[in-house]
Amino acid sequence: MPTRSAQVRPWWVVAAVAILGACTPAPDAGPAPDACADSDADALLPCSVPTLAPDDYVTAALAYFDTMDSRVPLSYPAYSPLVVRWEWPPWLKLTAYTREVIEASDFVLRLTLPSIVEARDCRAFDVAPFARCRVSFFYDEHDGLGCPIYEEFAFNESGEITWIEAWSDQPDLLPLDAATDPWAEAPGFPRLADRIPGLGSPTGLIDPEGDAMQTAAADDPDVADFVARAADFTGAWADEFAAAGDDLWAVGCGW
């Protein structure tokens, strides 16, 4: 059952490439039993069990949105060294990989695309992803129009954010039935996080070049897409941005 707390963020920006350069098949209902062996370095996210209080997960998610809210002094939540941010189209898929990249990109966003993050509804769950949120971003340069986002957060046993996955909160872009499954609790919800080896381990560390990831990529085009982008993050981001088109915001935000 979810625990509710609190009441969008930009997730990429044109200047990020320069700064950072310088510095689907639906899942099964759950992993096979042998995928959840104790301390299995390749365990899948559904193997995770919460180690923190529900409010701690909500607080971490809210702190993440604070990094993109220009009203709030900049600080960062606890990220895993290999944290991933994956944002489904029309956004740009892999928009951060590693702690250094996500912190640098969000600093750039504050400078180039200031926003405030309102209508925050973040809830904790006793199955991973342990924090799930609906928020709206309001950007100065978009005449105050809101951009609604649904976003999920995975954590390791130390409480570090390991994976962030986001969708435009539009009926044709968010693959759930808002009336019957508003928080993506159905076992067939096609989150990529459930299919990434290592996210369910105690550390939540992933290895895009490891055997388990390569095996998963051979069977799952979305995992293969992630692996390819992780191998060339900056180039893949730039290519995706160039191909996004002028209607990116209108489509993603429902304008």
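The values are calculated or read from the model by the stated rules, or taken from the named source; none is laboratory data. Fair warning: this is a prediction, and the values are worked out from it, not measured in the lab. No Cβ is skipped: glycine too gets one built from the backbone with ideal geometry, and neighbour counts run over all protein chains shown.
Scanning the stretch 108-137 for residues that are part of a strand (DSSP E or B) and of a type in the set (A, V, I, L, M, F, W, C) returns 116, 117, 119, 122, 124, 131, 133, 135, 137.
Working only within the stretch 85-123, note down all residues that are out of contact with any Leu (no Cβ under 9 Å at 6 or more places or on another chain) and closer than 17 Å to residue 193 by Cα. Those that are out of contact with any Leu (no Cβ under 9 Å at 6 or more places or on another chain) and closer than 17 Å to residue 193 by Cα: 93, 94, 95. For the stretch 134-142, indicate whether the set of residues that are surrounded by 20 or more Cβ atoms within 10 Å (Cβ to Cβ) and in contact with a Gly (Cβ under 6 Å, 6 or more places away or on another chain) is non-empty. Yes, the stretch 134-142 contains a residue that is surrounded by 20 or more Cβ atoms within 10 Å (Cβ to Cβ) and in contact with a Gly (Cβ under 6 Å, 6 or more places away or on another chain). Close contacts from the stretch 203-224, counting a first residue that is among the β-branched types (Val, Ile, Thr) and a second that is part of a helix (DSSP H, G or I), with Cβ to Cβ under 9 Å and a gap of 6+ residues or different chains, come to 206/213; 206/230; 223/192; 223/195; 223/213; 223/216; 223/217. Yes or no: residue 64 touching a helix residue (DSSP H, G or I) at 6+ places or on another chain (Cβ under 7 Å) and hydroxyl-bearing (Ser, Thr, Tyr)? Answer is no for this residue. Residues of the stretch 74-107 that are part of a strand (DSSP E or B) and surrounded by fewer than 16 Cβ atoms within 10 Å (Cβ to Cβ): 81 alone. Out of the stretch 185-195, which residues are of a type outside the set (Lys, Arg) and in contact with a strand residue (DSSP E or B) (Cβ under 7 Å, 6 or more places away or on another chain)? Correct list: 192, 193. Taken over the stretch 138-163, residues that are more than 30 Å from residue 198 (Cβ to Cβ) and either modelled with pLDDT of 95 or more or assigned to a strand (DSSP E or B) (or both) amount to 5.
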